[in-house]
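See structure below.
None of the figures in this text is laboratory data; all of them are computed from the coordinates on show. Quick caveat, the model's predicted, so the values are computed rather than measured. Note: ideal-geometry Cβ built from the backbone for every residue, glycine included; neighbour counts use all protein chains shown.
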């Protein structure tokens, strides 16, 4: 799903695409992780929240149907998406505006990303934000992505 526009408005991060608006309260961000999908120019971004994401349909009947499917089939406390580099380059600076503590990684060196903590080494992955200042390994455990 390509991003049409990303912006901050009234303390919300708004992500627009052709079908709907996703409104995220900037105070509800819990954790954000980014992964580089080698060898493509795609990035996976996982965003976890303490308050649910609000989905609002764009104009049109089909968009309302798609929005209602999103409302019922997705976990409203997380967004797990894959974006091409041109979309992620737009999203990351806006995230930094909403979350001044966010650590935005350098996308040009994403092929060499590696997070090393304790005995764990996670290639092509970076922790962008953690509200509780957790490590990447702890964020994985918290969201049941690692035992």
Task: Inter-label distance, nm, simple model (7 Å from Cα along the C-beta direction), residue 111/residue 145 - done: 2.3 nm
Task: Mean separation of Cα contacts under 8 Å, 6 or more apart, over the residue count of the range 5-142: relative contact order % - done: 25 percent
- [ ] Please report the Cα spread of the range 5-142 along all three principal axes, rounded to whole Å, starting with the longest.
- [x] 50, 32, 27
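Provide 137, 50 in ascending order of the number of other Cβ atoms located within 10 Å of each residue's Cβ, fewest first. Write out the running numbers ahead of the final one.
Details: 137 18, 50 11.
The fewest-first ordering by Cβ neighbours comes to 50, 137.
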Open item on the list: Given the range 94-147, report the % of alpha carbon pairs whose separation exceeds 14 Å.
Closed with: 58 percent
- [ ] Go ahead and set up a Gaussian network model of the chain, Cα springs under 10 Å, then flag whichever of 70, 61, 46 fluctuates most.
- [x] 61
TODO: Pull out a ≥ b ≥ c, the square roots of the eigenvalues of the alpha-carbon gyration tensor of the range 41-102, then state rounded if a/c is under 1.5, prolate if not and a/b is larger than b/c, and oblate in the remaining case.
DONE: prolate
TODO: Please report how far the C-alpha centroid of the range 55-103 lies from that of the range 1-32, rounded to the nearest whole angstrom.
DONE: 5 Å
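Suppose only helical runs count, i.e. DSSP H with n ≥ 4. What mean residue ellipticity at 222 nm does that imply for the chain under -39500 (n - 2.57) per run, divided by all residues and rounded to the nearest 500 deg cm²/dmol? Intermediate results must be reported in sequence, preceding the final value.
Values: 3 runs with 34 residues, N = 147.
For the chain, the value works out to -7000 deg cm²/dmol.
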Task: Most mobile of 78, 117, 37 in a GNM of the chain (Cα contacts under 10 Å) - done: 117
